[in-house]
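For reference, the structure is listed below as structure tokens.
Every number here is computed from the coordinates shown, using simple stated rules; none is lab data. Just so you know, these numbers come straight off a predicted model, no measurement behind them. No Cβ is skipped: glycine too gets one built from the backbone with ideal geometry, and neighbour counts run over all protein chains shown.
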Amino acid sequence: MATGGISPTNISSPLRGILKRNKNIEVLMGEAKDIDPKQQTVQLQNRTISYDSLIVATGASHQYFGHEEWADKAPGLKTVEDALEMRRRIFIAFESAEKETDPKKRQAWLTFAVVGGGPAGVELAGALAELAHGTLKEDFRNINTKESQIILVQSPERILPSYSPSLSAEAKTSLEQLGVTVMTSTRVIDIKNQTISVRRGGEIESIRARTVLWTAGMKASAMAQILAKSTDAPLDKAGRVIVNPDFEVPGTENIFVIGDLAHYAHQEGKPLPGVAPVAMQSGKYVARLIKSRLQGETISAFRYWDWGSLAVIGKHAAVVEFGFLKLYEFLAWAFWMFIHVFYLLEFDNKLVVMIQWA
């Protein structure tokens, strides 16, 4: 969506529309300012809401590792609004390059730096390359969009570090075939004056790029601090709430934290990753748990089922990993598309997105 491939309305639906048939559900738009666990209330800007059970699923935001001043210069990618801001900056860059007469300044407009080599960064870099080197190649008169530089900056020694080395290598090769410059073991040290400064080995390099896009790291939303203040909830280094095995906040009996906001380390001794399947499974579990308590019943302990990892690189190119099964290129991309289309809520959205991606 950040590169204009699909419309926001095709992949997101209004909550009111999704839940309109559930007459026992009320949807309110507002910002939670405080929580009172003793009174069992949530304070909004102009209203107080009472609760019997509270589920907090406010997710995560961008992590700039102590350099919050980079946020305006390098927007992150967590929400639909973030994706639209990225799209705006990307297309403004091409339009500005079209009008620029100075060759060096024009090339700066045509240079895009993507920081972070996880699944989001890999997908964004690949989509940018396809946009610049393919989709837009006939749209401009004063610039050759094929001369665009897309640079993927990754601090670890390989992209997709949570995947197997073979899949990481395959993804790197696919990106390079699309024309992406992949810089691993490279750390961003500054972003200013339309320049991104990086440390690679013992050398510091400067890259003139008018468009910097951020997909590196995450930190918990501000709601974690509110919970910590009101319930003494313990937080990890990323600011996430360290929860009990049933996702309850320690010391409470009816406050649950799920999704990216939760630090859940009760399975195999390491925290569950901040990915959609974890959020979906934890949400379903907590709903079942609350229902069972109301009925005076018990349920088995939570168990996360890892169905594998997927990352798209470009049109008809992806990598998929399910235990010992590894898929590459078109077959992986077809599987990735099926999974993502399957979880869209509206049938017409499924049809439109399938046509657009195909």
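At 7 Å along Cα-to-Cβ for each site, give me the label-to-label distance between residue 135 and residue 69 in nm.
Simple spin-label model gives 3.4 nm for this pair.
Report the extension gain between residue 330 and residue 102 in nm, rounded to one decimal, defined as 0.36 nm multiplied by the number of residues separating them, less their alpha carbon distance.
Values: separation 228, 0.36 × 228 = 82.08 nm, distance 4.05 nm.
Length gained, residue 330 through residue 102: 78.0 nm.
Check which residues have an amide H placed less than 5 Å from residue 114's amide H, if you skip close sequence neighbours.
151, 152, 153, 213
Over the chain, what is the relative contact order in percent, taking alpha-carbon pairs closer than 8 angstrom and at least six residues apart?
Numbers: 609 pairs, mean separation 64.7, N = 358.
Relative contact order here is 18 percent.
Using θ = phi - 60° and the Karplus curve 6.51 cos²θ - 1.76 cosθ + 1.60, what whole-Hz ³J(HN,Hα) does each residue of the range 60-69 get, with Gly and Pro shown as x?
Karplus values, whole Hz, x for Gly and Pro: 9, 10, 6, 10, 9, 6, x, 10, 5, 5.
Magnitude of the Cβ-charge dipole of the chain, K/R +1 and D/E -1, about the Cα centre, nearest 20 debye? Please list the in-between numbers first.
Working: 40 positive and 39 negative charges, 60 e Å.
For this selection, approximately 280 debye.
How large is the charge dipole for the range 68-216, taken about the Cα centre, if only the Cβ atoms of Lys, Arg (+1) and Asp, Glu (-1) carry charge, to the nearest 20 debye? Provide the component values of the computation, followed by the final result.
Numbers: 20 positive and 21 negative charges, 60 e Å.
In total the dipole reaches around 280 debye.
With unit charges on the beta carbons (Lys and Arg positive, Asp and Glu negative) and the dipole taken about the Cα centre of the range 166-276, which residue among 217, 191, 238 sits farthest to the positive side?
Of 217, 191, 238, it is 191.
Have a look at 66, 84, 274 and report the one farthest towards the positive end of the charge dipole of the chain, computed about the Cα centre with Cβ charges (Lys/Arg +1, Asp/Glu -1).
Looking along the dipole axis, the top candidate is 84.
Using the Cα centre of the range 89-238 as origin and beta-carbon charges of +1 (Lys, Arg) and -1 (Asp, Glu), tell me which of 148, 103, 167 is placed farthest towards the positive end of the dipole.
So the residue we want is 103.
Using 0.36 nm times the number of residues separating residue 38 and residue 21, minus their current alpha carbon distance, what extension gain do you get?
Details: separation 17, 0.36 × 17 = 6.12 nm, distance 3.29 nm.
Working it through step by step, the gained length comes to 2.8 nm.
Enumerate the calculated ³J(HN,Hα) couplings along the range 85-96 in order (Karplus 6.51 cos²θ - 1.76 cosθ + 1.60, θ = phi - 60°), each rounded to whole Hz, writing x wherever the residue is Gly or Pro.
Running phi through 6.51 cos²θ - 1.76 cosθ + 1.60 with θ = phi - 60° gives 5, 4, 4, 4, 5, 4, 6, 5, 4, 5, 5, 5 Hz.
Can you pull out the trypsin sites (Lys or Arg not before Pro) in the range 186-248 that DSSP calls coil and that have at most 13 other Cβ atoms within 10 Å? Walk me through the numbers before you get to the answer.
Numbers: sites: 187, 192, 199, 200, 208, 210, 219, 229, 237, 240; in loops: 210, 237, 240.
Filter output for the range 186-248: 237.
Tell me the label only: which of [x] 5, 21, 30, 25, 14, 4, 1, 0; [y] 4, 20, 25, 21, 16, 10, 3, 0; [z] 4, 18, 18, 15, 13, 11, 8, 6, 4, 2, 1, 0 is P(r) over Cα pairs in 10 Å bins from 0, in percent as calculated from this structure?
The listed entry that was calculated here is [x].
Sticking with the crude label model, points 7 Å out along Cα→Cβ, report the distance from residue 306 to residue 144 in nm, one decimal please.
Between residue 306 and residue 144, the label points sit 4.6 nm apart.
Work out which GluC sites (Glu not before Pro) in the chain are exposed loop sites (DSSP not H, G, I, E or B, at most 13 other Cβ within 10 Å) and give the longest gap free of them. All intermediate terms of the calculation are to be shown ahead of the outcome.
On the way: sites that count: 26, 31, 138, 157, 253, 268, 297.
That would be 32-137.
Which loop chymotrypsin sites (Phe, Trp or Tyr not before Pro) in the range 37-132, with loop taken from DSSP, have no more than 15 other Cβ atoms within 10 angstrom of their Cβ?
Values: sites: 51, 64, 65, 70, 91, 94, 109, 112; in loops: 51, 64, 65.
Here the chymotrypsin sites (Phe, Trp or Tyr not before Pro) that fit, given the DSSP loop and packing criteria, are 51, 65.
Do any trypsin sites (Lys or Arg not before Pro) in the range 47-132 lie in a DSSP loop with no more than 11 other beta carbon atoms within 10 Å, and if so, which? Don't skip to the answer; put the middle values down first.
On the way: sites: 47, 73, 78, 87, 88, 89, 99, 104, 105, 106; in loops: 47, 73, 78.
Those satisfying the criteria are 47.
Kindly express, to the nearest 10 degrees and within the range 0 to 90, the angle between helix 165-177's C-alpha long axis and the longest C-alpha principal axis of the chain.
Tilt relative to the chain: about 40 degrees.
Can you give me the long-range amide H partners of residue 190? Hydrogens built in the peptide plane at 1.01 Å from N, cutoff under 5 Å, separation of 5 or more residues or another chain.
197
Taking amide hydrogens as modeled 1.01 Å from N in the peptide plane, which residues meet the under 5 Å criterion relative to residue 179, leaving out close sequence neighbours?
none
Length gain on complete extension for the stretch residue 236 to residue 322, per 0.36 nm per residue less the alpha carbon to alpha carbon distance? Numbers along the way, then the final one.
Working: separation 86, 0.36 × 86 = 30.96 nm, distance 2.88 nm.
28.1 nm is the gain from fully extending residue 236 to residue 322.
In straight Cα distance, which lysines are under 20 Å from residue 192, not counting same-chain residues fewer than 8 positions off?
Within the straight-line cut-off, residue 192 pairs with 73, 104, 105.
Per residue of the range 187-204, in order, report the coupling 6.51 cos²θ - 1.76 cosθ + 1.60 (Karplus, θ = phi - 60°) as ³J(HN,Hα) in whole Hz, putting x for Gly and Pro.
Ordered by residue, 3J(HN,Hα) equals 10, 6, 10, 6, 9, 6, 6, 6, 9, 10, 9, 10, 10, 10, x, x, 9, 9 Hz.
State which entries of 172/284; 20/315; 78/99; 219/284 exceed 26 angstrom in Cα-Cα distance in the structure shown. Display every interim value, and only then the final one.
Numbers: 172/284 36 Å; 20/315 35 Å; 78/99 31 Å; 219/284 23 Å.
From the list (172/284; 20/315; 78/99; 219/284), the Cα-Cα distance tops 26 Å for 172/284; 20/315; 78/99.
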